[in-house]
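Data first, discussion second: the structure below is written as structure tokens.
The values are calculated or read from the model by the stated rules, or taken from the named source; none is laboratory data. None of these values were measured; they are calculated from a predicted model. Backbone-built Cβ (ideal geometry, glycine too); neighbour counts: all protein chains shown. Please note that ligands, DNA and RNA were not included when accessible areas were found on the heavy atoms of the full protein model with its side chains. Shrake-Rupley method; radii C 1.70, N 1.55, O 1.52, S 1.80 Å.
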Amino acid sequence: MMYLFLSPHLDDVALSAGGLIHKLVSENQKVVVLTFFTEYDKNLTSHYLHSAHNDNMNSFIKFYSKRVNEDIAFCNKLSAIPIHGKILDCIYRTDQYGEPMYKNSAVIYSGLVHKSDYAFDMAQDLIDKTLLNYQPDYIYAPLGIGRHVDHIIINNLVHSIKGSRKLKILLYEDFPYVLGEYPIINPDGLEHALLRNNKFDKRAILVDIDLKEKMQNILFYESQLEPLFGNESNLLISLGKYHHSINKTKIQERFWLIQ
């Protein structure tokens with residue numbers, strides 16, 4: 001079987017489905033991780049570094065150049081195939097006047113795609129090529145918890161895939177947004193995301209995982225540890241809280257089968 005994971009950014013799949021990926025490769029299944037928004041523009045960083053009320057955006061920008069190598073190391077460890085889409089992250093995309101499309105955290109986490117944003121068309125072209133090249137049996141895509149515009153764009157791709165091929169499509173719960181604590185202003189949660197995806201008939205699929213292995217997979221993305229969690233102890237606490245909300249006796253990841 002071939003499993004294709006759609007990751008908006010270079011850590012999303014490890015954070016949200018790292019346990020499942022470890023389980024699949026342990027069973028000698030083939031895994032492809034397609035990450036869409038992997039590029040940055042160092043000429044635009046000053047806008048965020050000198051802008052107030054951007055949460056910890058400057059921490060993400062500071063280490064962006066390291067993230068591709070972190071993702072390659074993660075995939076190499078698991079014998080997964082990494083594909084980097086080389087589309088600019090939303091914080092670097094500009095309109096026809098050279099102005100940032102997403103100027104602050106409130107806009108980034110609004111769930112509203114800028115009318116001039118070309119990213120969806122680029123992502124659509126990328127997924128079409130990947131489906132043709134790899135012919136996956138299963139696709140895992142983000143549920144869109146947190147309303148991050150890049151997550152919403154990839155979640156919307158599911159509409160064009162659904163029904164077009166004989167494959168199974170599942171949505172994963174975007175971690176850490178699923179904790180219901182992010183974004184800091186107007187946090188989102190699982191129930192809201194499920195309502196936004198109400199066009200699909202959904203069935204929860206639970207998968208037993210090894211929490212230690214998932215933790216180790218996430219730690220490949222060292223540059224994201226401090227801005228997301230502060231330290232390893234907080235990461236473990238957050239993972240424990242999330243997985244305890246799914247099942248109090250087993251460590252499981254939850255996915256939503258829509259096709």
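Taking the residues in segment 219-233 that are open to solvent by less than 30 Å² (accessible area, probe 1.4 Å) and of a type in the set (Phe, Trp, Tyr) as candidates, determine which candidate is farthest from the chain's Cα centre (by Cα).
My answer is Phe229.
Quick check on my filter: what residues within segment 200-216 are closer than 22 Å to Leu228 by Cα and open to solvent by 60 Å² or more (accessible area, probe 1.4 Å)?
Hits for segment 200-216 are Asp210, Lys212, Gln216.
Checking the condition out of contact with any Lys or Arg (no Cβ under 6 Å at 6 or more places or on another chain), at pLDDT below 95 and of a type outside the set (Gly, Ala, Ser), which residue from Ile127, Ile161, Ile153 passes?
Sole residue among the options that is out of contact with any Lys or Arg (no Cβ under 6 Å at 6 or more places or on another chain), at pLDDT below 95 and of a type outside the set (Gly, Ala, Ser): Ile161.
Among the listed residues Leu194, Leu236, identify the single one that is at pLDDT 95 or above, outside any loop (DSSP other than H, G, I, E, B) and within 17 Å of the chain's Cα centre (by Cα).
Result of the check over Leu194, Leu236: Leu194.
Cβ-Cβ under 6 Å, sequence separation 6+ or interchain: first residue in segment 204-230 and farther than 24 Å from Leu190 by Cα, partner assigned to a strand (DSSP E or B) and open to solvent by 40 Å² or more (accessible area, probe 1.4 Å). Which pairs?
Once the first residue is farther than 24 Å from Leu190 by Cα and sits in segment 204-230, no partner that is assigned to a strand (DSSP E or B) and open to solvent by 40 Å² or more (accessible area, probe 1.4 Å) comes close enough.
Identify all residues within segment 243-259 that are in a helix (DSSP H, G or I) and buried (at least 20 other Cβ atoms within 10 Å of the Cβ); write none if there are none.
Scanning segment 243-259 gives a single hit, His243.
Got a sec? Which helices (runs of 4 or more DSSP H) wholly within segment 1-88 have at least 2 residues that are farther than 27 Å from Asp117 by Cα, open to solvent by less than 10 Å² (accessible area, probe 1.4 Å) and modelled with pLDDT of 95 or more?
12-26, 67-78
What are the pairs, 6+ residues apart or on separate chains, where a residue within segment 172-186 that is without any contact (Cβ under 8 Å) to a residue 24 or more places away in the chain has its Cβ under 9 Å from a residue that is assigned to a helix (DSSP H, G or I) and small (Gly, Ala, Ser)?
As it stands, the answer is Glu181/Ser238, since those pairs meet every condition given.
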